[in-house]
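Take a look at the structure below.
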Amino acid sequence: MTNDTDDLARLVIPLKWRPGSYKADCGDYFAGTVLGEYSCRPLKTHWTLWFRERCLDDETGGCRKRFDELEEAKAAAQADYARRILSALDLSPAAMAAAGWVRDNGWQPIETAPKDGTEILLRLPDEDTFRGFTVWCAYWNYDCGVYGWLDDGHLISDMPFTGWTPIPAPPTDATEGQS
């Protein structure tokens, strides 16, 4: 998954694994989903990961991806499942608002913030202000190997932002100067 969906992947329900048997007494583990069944299959020295009876691989065309530990294979299955689920969702601000995911007077969860370079307002909790938060104007930077929120060219990704909202349109002549 990319940085865009890492936080949202935590919203995907964890797979529920059960011991099973692809072949008698093989020590396989299975997790059923609405998309199909994942299985972790042991070999002599490693584990392989399967989805709908096909080996999941790193695009090599065979079952060459090996996991030293069962938990590694399960984690890879969870990441694949989250990627498949999230790829079917429209996470644009307009779609999120239409789905009712807008909260706090237009503030949306930080996990849904656009990471395409669009300037937005970020909400930072701040108990020292009467509102309880401060607002930063920033955009997601993904150039030159530097990923994170930038404000006026300064990296501010280490701040615990909790929400975002689009920058409102400037006032029209009719409303300019009114309070």
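The values are calculated or read from the model by the stated rules, or taken from the named source; none is laboratory data. Here the structure is a predicted model, which means the values were calculated and not measured. Cβ: placed from backbone, ideal geometry, glycine included. Neighbour counts: every protein chain shown.
Tell me, please, whether a residue that is of a type in the set (S, T, N, Q), at pLDDT 85 or above, within 20 Å of A9 (Cα to Cα) and assigned to a loop (DSSP other than H, G, I, E, B) can be found in the stretch 162-173.
Looking only at the stretch 162-173, we keep the residues that are of a type in the set (S, T, N, Q), and these are 162, 165, 172.
Pick out the ones that are also at pLDDT 85 or above and you get 162, 165.
Okay, now just the ones that are also within 20 Å of A9 (Cα to Cα), so 162.
Of the ones still in play, those that are also assigned to a loop (DSSP other than H, G, I, E, B) are 162.
Yes: one or more hits.
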Residues (within 18 Å of R52 (Cβ to Cβ) and free of Cβ contacts under 8 Å to residues at least 60 places away in the same chain) located in the stretch 62-80: G62, C63, K65, A73, K74, A76, D80
Residue under evaluation E37, criteria (1) among the acidic types (D, E); (2) in contact with a Lys or Arg (Cβ under 8 Å, 6 or more places away or on another chain); (3) surrounded by fewer than 11 Cβ atoms within 10 Å (Cβ to Cβ); (4) modelled with pLDDT of 90 or more, criterion not met: (3)
Looking only at the stretch 121-161, and only at residues there that are part of a loop (DSSP other than H, G, I, E, B) and under 13 Å from W107 (Cβ atoms), the one that is modelled with the highest pLDDT: F161
Across the stretch 56-69, what is the number of residues that are surrounded by 15 or more Cβ atoms within 10 Å (Cβ to Cβ) and at pLDDT 80 or above? 2
Could you tell me whether any residue of the stretch 11-19 is surrounded by fewer than 18 Cβ atoms within 10 Å (Cβ to Cβ) and either modelled with pLDDT under 85 or in contact with a Cys (Cβ under 6 Å, 6 or more places away or on another chain) (or both)? yes
